[in-house]
1. Taking the range 109-122 only, how many residues are of a type in the set (Val, Ile, Thr) and buried (at least 16 other Cβ atoms within 10 Å of the Cβ)?
2. Can you pull out every residue in the range 484-503 that is modelled with pLDDT of 80 or more and open to solvent by less than 100 Å² (accessible area, probe 1.4 Å)?
3. I need a count of the residues in the range 577-599 that are modelled with pLDDT under 85 and in a helix (DSSP H, G or I).
4. If you go through the range 83-91 one residue at a time, do you hit one that is without any contact (Cβ under 8 Å) to a residue 40 or more places away in the chain and not aromatic (Phe, Trp, Tyr)?
5. Does at least one position in the range 123-144 carry a residue that is in contact with an Asp or Glu (Cβ under 8 Å, 6 or more places away or on another chain), basic (Lys, Arg) and either under 27 Å from SER176 (Cα atoms) or part of a loop (DSSP other than H, G, I, E, B) (or both)?
6. Considering only residues that are buried (at least 20 other Cβ atoms within 10 Å of the Cβ) and either under 19 Å from the mean Cα position of the chain (by Cα) or at pLDDT 70 or above (or both), which ones fall in the range 168-207?
7. In the range 257-271, how many are within 14 Å of GLN452 (Cα to Cα) and touching a helix residue (DSSP H, G or I) at 6+ places or on another chain (Cβ under 8 Å)?
8. Please go through the range 58-82 and pick out each residue that is without any contact (Cβ under 8 Å) to a residue 60 or more places away in the chain and open to solvent by less than 60 Å² (accessible area, probe 1.4 Å).
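The values are calculated or read from the model by the stated rules, or taken from the named source; none is laboratory data. Remember, it's a predicted structure, so these values are computed and weren't measured experimentally. Ideal geometry is used to build each Cβ from the backbone, glycine not excepted, and the neighbour counts take in all protein chains shown. These area figures cover heavy atoms from the full protein model, side chains too; ligands, DNA and RNA do not enter into them. Shrake-Rupley method; radii C 1.70, N 1.55, O 1.52, S 1.80 Å.
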Amino acid sequence: MAKKIDLKDIVQDAFDTSIHQISGSDAAFLYAESPTSPMHIATLNIVEGSLKFEDFKEIVASKLHLVPKFRQRLLSVPMDLDYPYWVDDPNFDIDLHLNRIKLPDPSNWKTLRDLTSTLFSAPLDLRRPLWSMHFIEGIDEIAQVPKGSVAIVTKVHHVMIDGSSGVGIMGVLYDSDADGKQKKRSKPKPFNPEPLPDELSLLLKSGYGFLKNPFRIPKTIAETAYSFIKSKAAKKLSIQREFSSTKFPVPITIFNGTISAKRTWGTAILSFERINVLRKTMGGSINDVILAICAGALRRYLVEKEKLPLHPLVANVPISIRTEGSNHKMNNQIANMMIQLATHIADPLERLEYIQEQTMLGKSRHNTMGAKTLAKMADVVPFGLANLAAGLYSKYNIKDLHRPPFNVTITNVPGPRGLLYLNGHKVVSIFGLTPVVDGFGLIIAAFSYNGQVSITTTSDSKTMPDADVFSRYIRESANELEEQIKNLGKDKSDSKTVQQVKSKSGPFFTALKKYVKENPKEVKSAKGLYHMQLDLGDRTDGWELDFTKTVAVIKKKKNVDPKVLIEIEDENLFALYKGKLLLEELKIQGRIKITGTAASKAKFMKLLTAFLER
């Protein structure tokens, strides 16, 4: 007898708010999946000492409730008429996601790298929650790692997270202190999955979403047009004016062909402080220095293979567009900017200066607004077309019919500053592996952890079979750039004509003093002691903002050791004051850094916003 259809239950399921649809930008990672391109990201964490698998399993099980998507899977809408939904997996079993293996002999770094490549090459099962962990025992022959240590390879599908939310997951699973063994571990919380929604209810839910916001597509088009017009006007007022007339060409390289299914990877570990010293000497950002180091390695690699193009390689540089209010969300919140890597320039210093100019332009208002608009556009692609387009692109080698939009992706994800622990065992190193696709067979991921920056290259056996050689070139490129900058510093110190750079931000503090004097209510609401540290390249200037008393005091201060610290380059603060840069874009780009409690940071940002909008 046929099952009776209960329309009441179907309609109720359609209006259920407990299941959430993936966004258009998340769906892009899902539809890009192919037999040669599994779209997951991974980390290889080396944990010191003999951690027991049973303890590891207990720890993961006890924290699963803190990462709800680890017990959810994707459910497709019939005929792929809309993006899939996240639903509880009624068949979830942790044993299907944890794997215990022993590192074969010889148990050294090369064997671990080869095993990790094999694990990373295998796709995740799209019918289950999209993650897995491999617990690898018997690491005995890796320098500076105690015998008997373990490695943990964690794979998570990119449809679920981006780099920043991946760091958030790491913070959940690992401890920030070494007392894990002494702490009483909480028991796993019971999992009571919601029943899977009916197919008809999913269709109704998708239709209701369209009816609820039928003007979503025209609204986004209107916003895109407004952004375009506004950016055109901005060009007449900004530094982009002289560069806007021509779009730089993207060369075709060996990194932009058809990829194979087998992954290759290598990593170079550099000191964060070492990179930071180079940044302070040359100005710019940490990211600029990392891009310059990678550019040097790319140039040498292509020169030795006699494949260096005349035009400079173009890098896709993802930037996070997360705000403080969205940090808890496990999804993709990234935009992209295109940077010429100056691989046509032999001199490392000239290459860095060229890249600094490129990133300054790329991070300007026009490109940031454009990236956000494109992110919105991803959510209004007509149903099913995104999936179809991704499949056709790969099937018919459409990449061969046009020049690539970029040659390589270089991403920089700030990780935990301090040590992480797992049941009292120290996490020695963390390496990030990232997916590659046809036409884009090389991605370089920089990840900072505990004073180190690991620059990990992921490719495939066809595009870059010798990824370990390229990693050596990264280390040598860093050495070469460092040597040049050191020599530059000696030349500067030997020259008597060098004059100290004068701060441009005096008018900002003068105007701020006047503002707080005329607005005592703002001082009261921002009560606290704040310090601003201005980077002038050759030195730093400190300012103290004392709002603890009725009358605010703003003055220069040499020794800066506050509870709330605002770090910003002098030129950026001046541009912010003059309205040439926006506060929000400086936050997005990481060019203003605020350290302190959440409440203190919120109070300061409220005051600063009110002052700038006065």
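1. 2
2. Once the filter is applied, which keeps residues that are modelled with pLDDT of 80 or more and open to solvent by less than 100 Å² (accessible area, probe 1.4 Å), the range 484-503 yields GLN484, ILE485, ASN487, SER503.
3. The qualifying residues number 9.
4. Yes, the range 83-91 contains at least one residue that is without any contact (Cβ under 8 Å) to a residue 40 or more places away in the chain and not aromatic (Phe, Trp, Tyr).
5. Yes, there is a match, as at least one residue in the range 123-144 is in contact with an Asp or Glu (Cβ under 8 Å, 6 or more places away or on another chain), basic (Lys, Arg) and either under 27 Å from SER176 (Cα atoms) or part of a loop (DSSP other than H, G, I, E, B) (or both).
6. ILE169, LEU173, TYR174, PRO197
7. Residues that pass the stated criteria total 3.
8. GLN72, ARG73
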